[in-house]
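Report on the structure given below.
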Amino acid sequence: MEEKSSSLIHKISKVISDFFNPLISLFIFFIYMSIKAYTFKDSLSYFLPVLLMIMAPVVIWLVWNVKTGRYTNMDVSNRIQRKTLYIFIAACVIIYLAFNYIRNGYIDLVMLFILILLLTLQVSNLFIKSSMHTAFNIFVAALFFSLNWKMGVLWLGIAALVGITRIILKRHTIKEVFMGAGIAFLISFIYLYCNIQFQH
């Protein structure tokens, strides 16, 4: 009976962990932001470049590397394999930031802080394999918080749940989850502060 319940917990954890991966969580936020802050035309002109320059290339990169055996899984839970993933995502974000600045004449604050979060996780990865799932979901909670505090609090609960699933699935230790959370809280606090400053 105990084995059945532990395997059920494992299955539920896998579903939660897989669904709330960084890409899907960010995708949900962008959809929410598009509905709340933009017209359909404006949201398309904002979201399409994000989709084509960051999200689609990262998904293709992950699938290709898993298929060719360079990555063990789509989570890229191996610390050494993670290095190339961070570099690839960062390159995609930099290309998007440059494109957006040339096209619209401003720096996309959300993407700039995603880049800062990525680079910080890359540095921490040299010492400890910080949980990317936990870090990104906490940052997504901050993004939601900047639009709607209730959604922010709800997503913070999701981030905590995701952190727990990473430990249950043995993808991360408690220390690695806390490290990812700590980095994300720091970056999120700075993002929210900058966001308030830019709005005034």
message = Considering only residues that are surrounded by fewer than 17 Cβ atoms within 10 Å (Cβ to Cβ) and within 24 Å of LEU156 (Cβ to Cβ), which ones fall in region 11-22?
response = ILE12, LYS14, VAL15, ASP18, PHE19
inquiry  = Can you report the number of residues in region 98-157 which are touching a Gly at 6+ places or on another chain (Cβ under 8 Å) and either of a type in the set (Lys, Arg) or within 16 Å of PHE88 (Cα to Cα) (or both)?
reply    = 2
query = Which condition does SER130 not pass, out of (1) under 18 Å from the mean Cα position of the chain (by Cα); (2) modelled with pLDDT of 95 or more; (3) within 24 Å of GLY180 (Cα to Cα); (4) not aliphatic (A, V, I, L, M), if it passes all the others?
reply = (2)
message = Condition first: surrounded by fewer than 17 Cβ atoms within 10 Å (Cβ to Cβ), at pLDDT below 90, among the hydroxyl-bearing types (Ser, Thr, Tyr) and not in a loop (DSSP other than H, G, I, E, B). Now tell me which residues in region 44-89 satisfy that.
response = SER45
inquiry  = Which pairs turn up if I take residues in region 72-98 that are free of Cβ contacts under 8 Å to residues at least 12 places away in the same chain and look for partners that are part of a helix (DSSP H, G or I) with beta carbon separation below 7 Å, at least 6 apart in sequence or on another chain?
reply    = THR72/GLN81; ASN73/VAL66
request  = Return a yes/no flag: does region 141-148 have any residue that is of a type outside the set (Lys, Arg) and closer than 21 Å to LYS14 by Cβ.
outcome  = no
query = Out of all the residues in region 112-134, which are buried (at least 20 other Cβ atoms within 10 Å of the Cβ) and of a type in the set (A, V, I, L, M, F, W, C)?
reply = PHE113, ILE114, LEU117, LEU118, LEU121, MET132
ask   = How many residues are acidic (Asp, Glu) and at positive phi when one looks only at region 143-200?
value = 0
request  = Report, ordered by the first and then the second residue, all pairs with beta carbons closer than 9 Å, sequence separation of six or more or different chains, a first member in region 31-58 that is closer than 24 Å to PHE88 by Cβ, and a second member that is acidic (Asp, Glu) and surrounded by 14 or more Cβ atoms within 10 Å (Cβ to Cβ).
outcome  = TYR46/ASP108; VAL50/ASP108
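The values are calculated or read from the model by the stated rules, or taken from the named source; none is laboratory data. Bear in mind the structure is a predicted one, so any value in this text is a computation, not a measurement. A quick note on method: Cβ atoms are made from the backbone with ideal geometry, for glycine too, and the neighbour counts reach across all protein chains shown.
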